[in-house]
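One structure below.
The values are calculated or read from the model by the stated rules, or taken from the named source; none is laboratory data. Just so it is clear, the structure is predicted and the values come from calculations on it, not from any experiment. When we count neighbours, we look across all protein chains shown, and the Cβ atoms used for this are built from the backbone with ideal geometry, even at glycine.
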Amino acid sequence: MRLFLLVLLAAVAVFAQAAEPVIAVIVPADRQAASLDLDDVSLIYKRKKLLWPDGRRIEPVNLPADHPLRRRFTESVLRLTPEAMEGYWNEQYFHGVRPPHVLASEAAVLRFVAATGNAMGYLAYCAMDERVRAVVLVDAEGRLLPPDTPVDCSR
């Protein structure tokens, strides 16, 4: 019976991980962004890297603080807990640095990034459309994937 329970728990854990969406860090489809990695995205979201190679100011946007994808993004990409990130922004505020704007939903992030030539956002990979492209993909375990990795959106 114990063996059965252990196997069942392992299967549930694997299923729960598989249910976690791949996070796509997105830019407008026509944005010519140099290849980016998790460190670049982290610097952009911490407002330490401010400009695209063409000199335009990068406009990163966040999901609401209580959104599960934001928690995963913060932990996987920024390598901080949301609580630590709040402390970071409280400190940055005194240096005149403001956090990225917060948009209400993944649909709002998609619309904003698609319409703003210098924007960057993140959402579940399967929520993307042809108006944007992924520059970084992060799997359920927080690992960087190549942007052209095939992702199954049929679930």
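Listed here are the strands (runs of 3 or more DSSP E) enclosed by segment 53-155 that have at least 1 residues being among the basic types (Lys, Arg): 132-138.
Checking the structure you have, find out if any residue of segment 101-114 is surrounded by fewer than 15 Cβ atoms within 10 Å (Cβ to Cβ), more than 17 Å from the chain's Cα centre (by Cα) and either modelled with pLDDT of 95 or more or not basic (Lys, Arg) (or both). For segment 101-114, residues surrounded by fewer than 15 Cβ atoms within 10 Å (Cβ to Cβ), more than 17 Å from the chain's Cα centre (by Cα) and either modelled with pLDDT of 95 or more or not basic (Lys, Arg) (or both): absent.
In segment 46-97, of all residues being among the acidic types (Asp, Glu) and surrounded by 13 or more Cβ atoms within 10 Å (Cβ to Cβ), the one that is nearest to Arg143 (Cα to Cα) corresponds to Glu75.
Criterion first (without any contact (Cβ under 8 Å) to a residue 24 or more places away in the chain, out of contact with any Ser or Thr (no Cβ under 6 Å at 6 or more places or on another chain) and among the hydrophobic types (A, V, I, L, M, F, W, C)) does Trp52 satisfy it?
Numbers: without any contact (Cβ under 8 Å) to a residue 24 or more places away in the chain: no; out of contact with any Ser or Thr (no Cβ under 6 Å at 6 or more places or on another chain): yes; among the hydrophobic types (A, V, I, L, M, F, W, C): yes.
Taking the combined requirement at face value, the residue does not satisfy it.
Output the residues belonging to segment 55-70 that are out of contact with any helix residue (DSSP H, G or I) (no Cβ under 8 Å at 6 or more places or on another chain), in contact (Cβ under 8 Å) with a residue 40 or more places away in the chain and not basic (Lys, Arg). Of everything in segment 55-70, just one residue is out of contact with any helix residue (DSSP H, G or I) (no Cβ under 8 Å at 6 or more places or on another chain), in contact (Cβ under 8 Å) with a residue 40 or more places away in the chain and not basic (Lys, Arg), namely Glu59. Sub-8 Å Cβ pairs linking a first residue in segment 74-87 that is without any contact (Cβ under 8 Å) to a residue 24 or more places away in the chain to a second residue that is of a type outside the set (D, E, K, R) and not in a helix (DSSP H, G or I), at least 6 apart or interchain, are Thr74/Leu80; Thr74/Thr81; Pro82/Ala65; Met85/Leu78; Glu86/Ala65, ordered by first then second residue. Give me the pairs: first residue in segment 91-107 and under 21 Å from Cys126 (Cα atoms), second residue small (Gly, Ala, Ser) and outside any helix (DSSP H, G or I), beta-carbon distance under 8 Å, and six or more apart or on different chains, which are they? From segment 91-107, the pairs are Val102/Ala65; Leu103/Gly121; Glu106/Ala124.
The lone criterion from (1) modelled with pLDDT of 95 or more; (2) buried (at least 18 other Cβ atoms within 10 Å of the Cβ); (3) not aliphatic (A, V, I, L, M) left unmet by Arg31 is number (1). Within segment 123-155, the residues that satisfy the criterion of being within 14 Å of Glu20 (Cβ to Cβ) and charged (D, E, K, R) are Asp139, Glu141, Arg143, Asp152, Arg155. The condition (being in contact with a helix residue (DSSP H, G or I) (Cβ under 9 Å, 6 or more places away or on another chain) and under 19 Å from Leu36 (Cα atoms)) is satisfied by just one residue among Gly117, Gly121: Gly121.
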